[in-house]
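Structure, as structure tokens:
The values are calculated or read from the model by the stated rules, or taken from the named source; none is laboratory data. Remember, predicted model here, so these are calculated numbers, not experimental data. Cβ sites come from the backbone with ideal geometry, for glycine too, and all protein chains shown count toward neighbours.
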Amino acid sequence: MSDRLIELRNIKKSYGRVFAIGGVNLHVDRGEVVGLIGDNGAGKSTLIKILAGAVRPSAGEIHVSGKLVSGWSPTKSRAAGIETVFQDRALAVQQTIVRNIFMGREITTALGLIDVRKERSEASRLMREIGFTSKVFTPDSIVGQLSGGERQGIAIARAIYNQAELIILDEPTTALSLTETEKVFRFVRSVRQSGRSILFIGHNIHHVYGIADRFVVLDRGQIAFAASRAEVTSAEQLIAVMERIAQPTGPGPIVDIAARRGAA
Amino acid sequence: MAEVTSEVEAGYPERPFLIRFISNNRAPIGTLGVLVVMMAIFFVGNPAVFSDWRIYNAVLTTLPVALFLVVPLVFIVTVGEIDLSFPAVMGFSCWIFAMVVQAGVDPLIGMLAGVASGMVLGAAIGAIVVYGGLSSLVATLGMNYLIRGAILIATSGKSIALVQLRSSTAYQVFASSIGGFPAQMLWASLFVALAVILFNRHKFGARVKAVGDNPDSAAQMGITTKRIRVYTFVFMGLGAALAGIFSTMINFTWWPTAGDAYLLPSLAAVFVGGTPTWGGIGTIFGGAIGAVIVSFIQVGIVSAGLDGFYVQFFNGLIIILALIGHRWNQIRYR
């Protein structure tokens with residue numbers, strides 16, 4: 001499978017006798033937006049950390065482009081093209097867009113002097129690539145002037161510059177307004193169009209439904225539900241599934257959960 | 001992508017250079033305005049004195065010492081720290097310089113020794129603050145007392161006269177008068193110019209600003225934030241050493257209290273110049289102008305015919321007015 005970017009096989013992570021992740025199979029293909037949904041404590045952040053290499057799984061295999069990678073680490077994660085945009089976006093708001101995109105990775109000429117022209121044209125290209133359409137802002141604009149959605153866009157642009165194949169967006173629409181959320185969606189679609197993949201993590205099922213090609217619901221460290229976009233007809237249906245997972249004894253589910261457990 | 005218009009695809013429009021320049025340099029331009037207004041008032045107050053070159057020559061003789069201190073202080077404040085120990089570091093490194101010269105060694109070697117001692121001391125102070133996780137305000141205050149105390153103990157408070165400096169190459173190159181213009185001013189200007197490049201065009205300056213702006217983000221982006229903060233203290237040590245050495249060369253004497261008088265005026269110059277207290281942004285050029293303002297207040301007040309008692313009052317007035325001006329001029333983004 002040439003379009004398979006990364007695949008987790010039976011990943012487990014235990015802290016002492018407690019399983020944070022209890023056997024997860026998850027894959028992301030190229031050019032795909034995967035929506036990962038789950039309540040607090042479902043194991044989302046542990047899964048992100050495992051993908052980023054920050055946490056070592058207790059068991060399981062990680063395959064990159066179909067090949068098993070041993071000794072998974074932050075370096076190997078980065079080499080595989082995985083970049084995480086954390087919830088706080090890690091931007092320096094008093095600096096320009098250019099400075100944020102190249103933070104810690106300045107393009108320099110002799111003696112460590114910054115190649116201003118090259119950085120500016122690269123930033124301009126990246127802003128266009130992610131569909132940054134506001135004409136008010138230039139690469140020299142201060143990030144503090146941007147809206148929350150646009151700041152998220154800059155964080156995504158920075159991830160792309162770092163040669164990301166898979167961008168993990170951790171709760172990218174939390175605390176954003178409707179129009180700002182729409183901006184983030186636009187950035188995500190542009191990234192998908194360029195053949196890159198996104199793992200979109202969120203609480204808000206409406207947001208995830210609006211953007212993902214495939215949905216994965218994590219519950220108490222296991223995949224409780226997985227479906228492609230074609231199989232889910234509305235956000236309400238996803239919400240019903242979530243409610244069913246939270247309350248297995250409640251009214252009957254619309255989608256048969258048991259049949260899909262662990263089948264991501 | 002329907003939203004991507006041809007205008008955007010053509011690239012982002014750049015505003016005219018002049019407008020961009022003014023907008024990007026609001027703080028230093030404002031400071032320059034303060035200086036111009038202040039000088040105009042002085043000039044009106046006493047045209048005879050202020051149209052004479054000698055008064056400017058007097059300021060330009062001592063201004064370099066302040067510039068060597070203010071410029072690295074801007075780096076320190078921008079990275080989110082503060083340093084109150086630079087007067088003692090200044091006193092210590094020119095003490096090393098004075099002892100080397102007194103021992104009959106070439107003053108050029110003495111300068112190297114002094115600068116090296118300043119940088120080592122700066123590194124030590126920075127390491128204590130950064131790796132010790134201490135408040136730089138309190139820790140450097142303590143270091144200032146500690147180092148000054150050590151100097152006083154070691155020298156029993158005695159000064160060192162260095163008349164032999166006058167005939168040395170070092171003096172000719174660094175502190176003599178070139179066509180009626182103090183040579184030290186040329187060196188200080190060069191220092192300021194290099195610092196402007198380091199601050200605005202070098203990756204070190206970019207990282208200093210990133211660390212001061214959001215240390216967590218900087219660390220996430222792979223910047224070694226602690227090392228950057230220590231480096232700013234090393235740079236402060238370099239500046240303090242140069243300030244001390246130049247001051248000693250100008251006066252042909254080393255005093256055990258050398259540097260003490262520079263603490264508050266230098267800090268004032270940084271903030272009058274338009275560098276905010278919260279870190280992340282700063283201006284070297286503004287700081288230099290701030291140093292000029294602070295240096296001219298004293299000379300100006302007395303020359304304008306006012307009593308010397310007015311100096312502190314006007315010092316305070318300028319600081320407060322400049323701060324209010326910058327507050328209005330600079331938005332703090334969060």
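Values as computed for the structure displayed
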read-out	value
Residue in the stretch B:205-234 that is farthest from the chain's Cα centre (by Cα), counting only those that are more than 7 Å from chain A (Cβ to nearest Cβ) and of a type in the set (A, V, I, L, M, F, W, C)	B:A219
Odd one out for A:A155, checked against (1) modelled with pLDDT under 90; (2) in contact with a Lys or Arg (Cβ under 6 Å, 6 or more places away or on another chain)	(1)
Options B:G287, B:G280, B:G212; residue that is of a type outside the set (K, R), over 25 Å from B:L165 (Cβ atoms) and not in a helix (DSSP H, G or I)	B:G280
Cβ-Cβ under 8 Å pairs, at least 6 apart or on other chains, the stretch B:30-57 side without any contact (Cβ under 8 Å) to a residue 12 or more places away in the chain, far side part of a helix (DSSP H, G or I)	B:F43/B:F50; B:S51/B:F43
Close pairs from the stretch A:139-162: first of a type in the set (F, W, Y), partner in a helix (DSSP H, G or I) and surrounded by fewer than 24 Cβ atoms within 10 Å (Cβ to Cβ), Cβ under 6 Å, at least 6 apart	A:Y161/A:L126
Residue match in the stretch B:34-53 (condition: out of contact with any Lys or Arg (no Cβ under 8 Å at 6 or more places or on another chain), modelled with pLDDT of 90 or more and surrounded by 24 or more Cβ atoms within 10 Å (Cβ to Cβ))	no
Among (1) surrounded by 21 or more Cβ atoms within 10 Å (Cβ to Cβ); (2) more than 26 Å from A:T46 (Cα to Cα); (3) out of contact with any Phe, Trp or Tyr (no Cβ under 8 Å at 6 or more places or on another chain), the one test that A:I101 misses	(3)
Checklist (1) part of a loop (DSSP other than H, G, I, E, B); (2) among the polar types (S, T, N, Q); (3) surrounded by 24 or more Cβ atoms within 10 Å (Cβ to Cβ) applied to A:T174, failing item	(3)
Odd one out for A:G35, checked against (1) touching a Phe, Trp or Tyr at 6+ places or on another chain (Cβ under 8 Å); (2) surrounded by fewer than 20 Cβ atoms within 10 Å (Cβ to Cβ); (3) closer than 30 Å to A:Q237 by Cα	(2)
Any hit, the stretch A:12-21, residues being part of a strand (DSSP E or B) and of a type in the set (D, E, K, R)	yes
Any hit, the stretch B:152-171, residues being more than 30 Å from B:W53 (Cα to Cα) and surrounded by 15 or more Cβ atoms within 10 Å (Cβ to Cβ)	yes
Identity of the residue in the stretch A:102-118, assigned to a helix (DSSP H, G or I) and within 10 Å of chain B (Cβ to nearest Cβ), that ends up farthest from B:I331 (Cα to Cα)	A:L111
Residue list for the stretch A:62-75, restricted to those being in contact with a strand residue (DSSP E or B) (Cβ under 6 Å, 6 or more places away or on another chain) and surrounded by 15 or more Cβ atoms within 10 Å (Cβ to Cβ)	A:I62, A:H63, A:V64, A:V69, A:W72
Flag for B:T248 being within 14 Å of B:P87 (Cα to Cα), touching a strand residue (DSSP E or B) at 6+ places or on another chain (Cβ under 9 Å) and polar (S, T, N, Q)	yes
Verdict on B:V65 being of a type outside the set (K, R), modelled with pLDDT of 85 or more and within 20 Å of the chain's Cα centre (by Cα)	yes
Residue in the stretch B:243-254 that is part of a helix (DSSP H, G or I), over 18 Å from the mean Cα position of the chain (by Cα) and either of a type outside the set (A, V, I, L, M) or within 12 Å of another protein chain (Cβ to nearest Cβ) (or both) present	yes
Enumeration of residues in the stretch B:275-296 that are within 14 Å of chain A (Cβ to nearest Cβ) and not hydroxyl-bearing (S, T, Y)	B:P276, B:W278, B:G279, B:G280, B:I281, B:G282
The stretch A:187-206 - residue that is among the aliphatic types (A, V, I, L, M) and within 16 Å of A:F86 (Cα to Cα) and, of those, farthest from the chain's Cα centre (by Cα)	A:V188
Residue in the stretch A:195-205 that is among the small types (G, A, S), at pLDDT 90 or above and assigned to a strand (DSSP E or B) present	yes
Selection status of B:V294, in contact (Cβ under 8 Å) with a residue 60 or more places away in the chain and assigned to a helix (DSSP H, G or I)	yes
The listed residue being modelled with pLDDT under 90, at the interface with chain B (Cβ under 9 Å from one of its Cβ atoms) and out of contact with any Asp or Glu (no Cβ under 6 Å at 6 or more places or on another chain), out of A:A79, A:A90	A:A90
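One line per residue, one yes/no per condition, for (1) touching a strand residue (DSSP E or B) at 6+ places or on another chain (Cβ under 8 Å); (2) assigned to a helix (DSSP H, G or I); (3) at pLDDT 85 or above:
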| position | (1), (2), (3) |
| --- | --- |
| A:I160 | yes, yes, yes |
| A:L169 | yes, no, yes |
| A:T181 | no, yes, yes |
| A:R186 | no, yes, yes |
| A:S190 | no, yes, yes |
| A:E236 | no, yes, yes |
| A:M242 | yes, yes, no |
| A:T249 | no, no, no |
